[in-house]
1. Specify the longest stretch of chain A that does not include any exposed loop site, a site being one of the trypsin sites (Lys or Arg not before Pro) with a non-H, G, I, E, B DSSP assignment and at most 14 other Cβ atoms within 10 Å.
2. Pick from A:Y121, A:Y55, A:Y107: which residue has the top mean-square fluctuation in a GNM of chain A where Cα pairs under 10 Å get a spring?
3. Do you know the relative contact order of region A:2-135, to the nearest whole percent, from alpha carbon pairs under 8 angstrom that are 6+ apart?
4. Determine, from the Cβ-Cβ distance of A:S13 and B:R29 and an R0 of 22 Å, the FRET efficiency 1/(1 + (r/R0)^6), rounded to the nearest 0.05.
5. Taking θ = phi - 60°, what integer Hz values does the Karplus form 6.51 cos²θ - 1.76 cosθ + 1.60 yield along region B:93-102, in sequence order, with x for Gly and Pro?
6. Run lengths n ≥ 4 of DSSP H only: what is the helix-derived mean residue ellipticity at 222 nm for chain A, with -39500 (n - 2.57) per run over all residues, to the nearest 500?
7. Apply the Karplus curve 6.51 cos²θ - 1.76 cosθ + 1.60, θ = phi - 60°, to the phi angles in region A:108-114 and return the couplings in whole Hz, x for Gly and Pro.
8. As an exercise, use a Förster radius of 22 Å and the Cβ-Cβ distance of A:R5 and A:D122 to find the FRET efficiency, rounded to the nearest 0.05.
Amino acid sequence: MIGCRLRLDAGASFAGRVAEFVLTLARTGTLHTRQAYWLRLAADEITTNIAQHGYGGRGGVIDLEGGVETDRVWVRVEDDAPPFDPTRYDPAPRLAADPALREEGGYGLLLALGRLDEFVYDRVGGRNRNILVMRRTPREGE
Amino acid sequence: MTLDAKMHIDEGTATIRLSGELDGRSAPRLNLLISDAVAAQVRRLVLLVSDVTYMSSAGIRCLLFAHQKLPRGAEIVLVGTRQEVAETIRMTGFDRTVVMQESVERESAEA
């Protein structure tokens, strides 16, 4: 397995670092362009959600770890914010509303979870743990 | 990668040509232009997005902002949306309220 780690300060601007981290991992794992796009988007939305809502904009630690295995590329995101399970978020009421009357937030989690092959949430050692997975498909010659 | 945005207003239509990545860092820039378009009392907003290579939920919130600030009945048109960006718009249900066009020569010539 190939792996890498990144520690972010949720109080600073980190979107560029998250993108670089995930896209480098995706290239290493030879993900298709479309898979890399959605993995990056998922990591972007999850980390942004942690910073804005988990930590309430006050800053905190976000740890990213990534790996490439035979059949998958994964990104693990951990934080010390209060417990929050993104899989329990229900976007249906928001989507049903007239756009002109909708609330501003809530789209990020919908997009984050929408195109991943797998998403797992767990509360481990007092931390939130989100695991984002894209399956690797064999390319010609592999 | 940053977002490049240029706006042209003519006869009630604001046309904004966007290039780059529309995310949390760059969305405030687009919102400022939308605010300028609203101040100019346009009734049609055309976003030329064929060179937008990435859009997060921050971009979706820009569409929401435009919907809420423009007059009721104003038209929002997205031209040249790339596959993943179009999918993002569909997933959030905004395809029901914005017009998505693959290409329009008239729109491209305006910006």
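Only the coordinates and a few stated rules stand behind these numbers; no lab work does. What you see is a predicted model; the values in this text were computed from it and never measured. Virtual Cβ from ideal backbone geometry, glycine too; neighbours counted across all protein chains shown.
1. A:59-138
2. Judging by the Gaussian network model, the answer is A:Y107.
3. 29
4. The computed FRET efficiency comes out at 0.95.
5. The phi angles translate into x, 7, 5, 7, 10, 10, 8, 10, 10, 5 Hz.
6. It lands at -9500 deg cm²/dmol.
7. x, 5, 4, 6, 4, 8, x
8. Using R0 = 22 Å, I get an efficiency of 0.75.
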